[in-house]
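Novice: First the structure, which I've put down as structure tokens, then a few questions once you've had a look.
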Number of protein chains: 2
Amino acid sequence: MDRNVTRLRGRLAQLGPELRPHLKTCKSPEAARRVMTTAAGPATVSTLKEAEEFAAAGVTDITYAVGITPDKLDRVLALRGAGVDLAVTLDTVVQAQAVAEASRRAGAAIPALIEIDCDGHRSGVLPHDRERLLAIAGALTEAGTLRGVLTHAGDSYGARGDAALRACAEGERASAVAAATILREAGYECPVVSVGSTPTAHFAENLDGVTEVRAGVFVFFDLVMAGIGVCAVDDIAVSVLATVIGHQQEKGWILVDAGWMAMSRDRGTSKQALDQGYGLVCDIDGAPLADLIMVDANQEHGILALRPGSGAVLPDLPIGTRLRILPNHACATGAQHDRYHVLRSDSRDVEAVWPRFGGW
Amino acid sequence: MDRNVTRLRGRLAQLGPELRPHLKTCKSPEAARRVMTTAAGPATVSTLKEAEEFAAAGVTDITYAVGITPDKLDRVLALRGAGVDLAVTLDTVVQAQAVAEASRRAGAAIPALIEIDCDGHRSGVLPHDRERLLAIAGALTEAGTLRGVLTHAGDSYGARGDAALRACAEGERASAVAAATILREAGYECPVVSVGSTPTAHFAENLDGVTEVRAGVFVFFDLVMAGIGVCAVDDIAVSVLATVIGHQQEKGWILVDAGWMAMSRDRGTSKQALDQGYGLVCDIDGAPLADLIMVDANQEHGILALRPGSGAVLPDLPIGTRLRILPNHACATGAQHDRYHVLRSDSRDVEAVWPRFGGW
């Protein structure tokens, strides 16, 4: 984990923008402190619960990067009133009007970022939709503040190969800068140009015009990121501890007491070149066992077997053997647990327990 | 929910066996009280955490239906010492020896059920494997107690049509009774013959020789169960409340603030005749909106769109509109939340909040 954080910080130190890590992956104040540049932020969150939890832990510079709804603005104002510089995200005039109206009522301008759709992945304004950008900015600045623009190259998760990933990163950068330029030419200040995803953050070659990079899953990495080529399997810093509970020898199955409740239902590697099932199986020290994956999962049962087509020999793992399973998706697997057991790479001793939270 | 419980109780009252509901679905003492026959049980659990939580809430008759490991026996003994009749499950001689050894050390026999593999789905001893059944029973009864046999027709989730479901139920019954007969003929008492899954519990026509039925998801039901034909969509008693946060009009998308973190990554209907995406969208009162499903999900974003091939018109759902999303899999979606907001069918008022727990 420390190595992953150091690596991305080093990249961004060379490229220029600030790191605003997305804390939706770890959802843990103790982990967040090791990811953020300072104990007060900057940080990105995906829920107001995260904003409230991290604010309570001393984080004061937070961007809530999911589109705001009018009914959430009271919680936003409460946090801002408590000294947290919480910015919201929006992509419609209706939301901008609601933010302006809440700002007017409170007598305190709420800062908002306009979300830009850089790759058709999800939400956001098209980067060259001048009319919509200016309508949103106009409605917002009636009483709120335009903090800047924000985009996320969600399609980078499906990109394959260094060239495609570099193209995603450049598309993300260019879209955000183009939208910011339109707003600035119309007289809006637009100080923040925020981009980011873990793949693009690690493949961007040029971040000219970008002021900050958001990335989340890089803190732990996972099998999906290894499949994209953003990390090696050895960089994956989170695993699920499981115990062998049985065998079906004729079928080549080993059963463990970790099923989808422990791993999550995420099958993110199913569309990649190397399908890892519900996870890649390692020994207790974290060394992968050749071609052994969790091929199926029930709620509290995992079925381990050799990858289809493997020439490896099924290892002899008696009942009671403890294993570590690397997850497809660190955000999803983490969400199934309420704490991290923290180990150094070369030790089996639990050095600390970091609670994590969930909810909204 | 009450109707679902009443329905299964009525079925079993006619067929004879006792209901031992599986509490892994609700993980809530308040919900469990409405599912169990009495406040003390009987009940089934999938983790020792569930056993401990329900024991603390007054449940004293519990079967832990996932294969036991030696390192968990101290927690089993602690619960038994506190007056909880907790039985464990196993399918190997190694586990039986560990249970006998722990019983001997504690001076108190731990009761165990031998798991039977009725359909090749997961774990268990083949029902006619006399040699293995007697070896396990022999090792166990050195100091432990043979409580009986237990099986689960996991393949019933993939069965289609009433005839196939009835066949699954009969296979489950016959396998458990066959194994119990072998054990009894060898002189073992084997008082309990436990079968169950929600589909087979609702399609069994004859449960002769069975003493108890386990079922879990029937309490809430879900889209997978509706797809199998075990319930109607209107029987689904759990939903996720979401709010519209945006639109991509050209694409026919409506964005909501509930993604896979709220719905889970479960895509259980993807293999069924009617793929429901990440969930079926209803209005605030729970009435389904024609052909509107969650077609894709990010962590905190859900993308709603009409089912592919639908002739329906996309409804006009402005920003801030509240919706209810019915889940593919109630166990998986419930696990993403720490409480239930309880409503009567004809009301929008939250009548109670029932906490639910997670973990192991």
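What follows is calculated from the coordinates using simple rules that are stated; it is not laboratory data. Treat the numbers as computed from the prediction; the structure is a model and nothing was measured. No Cβ is skipped: glycine too gets one built from the backbone with ideal geometry, and neighbour counts run over all protein chains shown.
Novice: Out of B:R184, B:R147, report the one residue that is over 30 Å from B:S270 (Cβ atoms), among the basic types (K, R) and touching a Leu at 6+ places or on another chain (Cβ under 9 Å).
Specialist: Just one listed residue meets the conditions, B:R147.
Novice: Can you pull out the residues in region A:271-285 that are of a type outside the set (A, V, I, L, M) and under 17 Å from A:N328 (Cβ atoms)?
Specialist: Answer for region A:271-285, where residues must be of a type outside the set (A, V, I, L, M) and under 17 Å from A:N328 (Cβ atoms): A:K271, A:Q272, A:D275, A:Q276, A:G277, A:Y278, A:G279, A:C282.
Novice: Among (1) touching a strand residue (DSSP E or B) at 6+ places or on another chain (Cβ under 8 Å); (2) at the interface with chain A (Cβ under 9 Å from one of its Cβ atoms), which single condition is B:Q336 missing?
Specialist: (1)
Novice: Residues to consider are A:P318, A:P327; find the one that is touching a Leu at 6+ places or on another chain (Cβ under 7 Å) and in contact (Cβ under 8 Å) with a residue 12 or more places away in the chain.
Specialist: Residue meeting the stated conditions: A:P327.
Novice: Please specify each residue of region A:249-264 satisfying the condition of being in contact with a strand residue (DSSP E or B) (Cβ under 8 Å, 6 or more places away or on another chain) and outside any helix (DSSP H, G or I).
Specialist: Selection gives A:G252, A:W253, A:I254, A:L255, A:V256, A:D257, A:A258, A:G259.
Novice: Can I ask one more? Name the residues in region A:179-195 that are in contact with a helix residue (DSSP H, G or I) (Cβ under 6 Å, 6 or more places away or on another chain), β-branched (V, I, T) and under 19 Å from A:E18 (Cα atoms), would you?
Specialist: Listed by number, the residues that qualify are A:V193, A:V195.
Novice: Another question, then. Do you know which of the residues in region B:36-74 that are of a type in the set (A, V, I, L, M, F, W, C), outside any helix (DSSP H, G or I) and within 14 Å of chain A (Cβ to nearest Cβ) is nearest to B:Q97 (Cα to Cα)?
Specialist: B:I68
Novice: Report whether or not A:G16 is under 17 Å from the mean Cα position of the chain (by Cα) and at positive phi. Even if it seems obvious, please write down each step before you answer.
Specialist: Details: under 17 Å from the mean Cα position of the chain (by Cα): no; at positive phi: yes.
Judged against the criteria, A:G16 is not a match.
Novice: Select from region A:50-83 the residues that are of a type in the set (A, V, I, L, M) and closer than 29 Å to B:Q248 by Cα and write down the one among them that is surrounded by the most Cβ atoms within 10 Å (Cβ to Cβ).
Specialist: Of region A:50-83, the ones of a type in the set (A, V, I, L, M) are A:51, A:55-57, A:59, A:62, A:65-66, A:68, A:73, A:76-79, A:82.
Narrowing the set further to residues that are closer than 29 Å to B:Q248 by Cα leaves A:51, A:62, A:65-66, A:68, A:73, A:76-77.
Details: A:A51: 24, A:I62: 25, A:A65: 23, A:V66: 24, A:I68: 27, A:L73: 21, A:V76: 23, A:L77: 17.
Applying the filter and picking the extreme gives A:I68.
Novice: Restricting region B:241-263 to residues that are facing another protein chain (nearest Cβ under 8 Å), among the aliphatic types (A, V, I, L, M) and touching a residue at least 60 places away in the same chain (Cβ under 8 Å), which is nearest to A:D129 (Cα to Cα)?
Specialist: Across region B:241-263, the extreme among qualifying residues is B:I245.
Novice: So A:L86 fits all but one of (1) in contact with a strand residue (DSSP E or B) (Cβ under 6 Å, 6 or more places away or on another chain); (2) crowded, with 24+ Cβ neighbours inside 10 Å; (3) closer than 28 Å to B:Q249 by Cβ; what number is the exception?
Specialist: Single failed check for A:L86: (3).
Novice: Give just the number: which of (1) part of a loop (DSSP other than H, G, I, E, B); (2) within 30 Å of A:Y340 (Cβ to Cβ); (3) away from chain B (no Cβ under 14 Å) does A:A31 not satisfy?
Specialist: Unmet condition: (1).
Novice: Can you tell me which residues in region A:310-333 are under 28 Å from B:A297 (Cα atoms), touching a strand residue (DSSP E or B) at 6+ places or on another chain (Cβ under 7 Å) and within 13 Å of another protein chain (Cβ to nearest Cβ)?
Specialist: Across region A:310-333, the qualifying residues are A:P327, A:T333.
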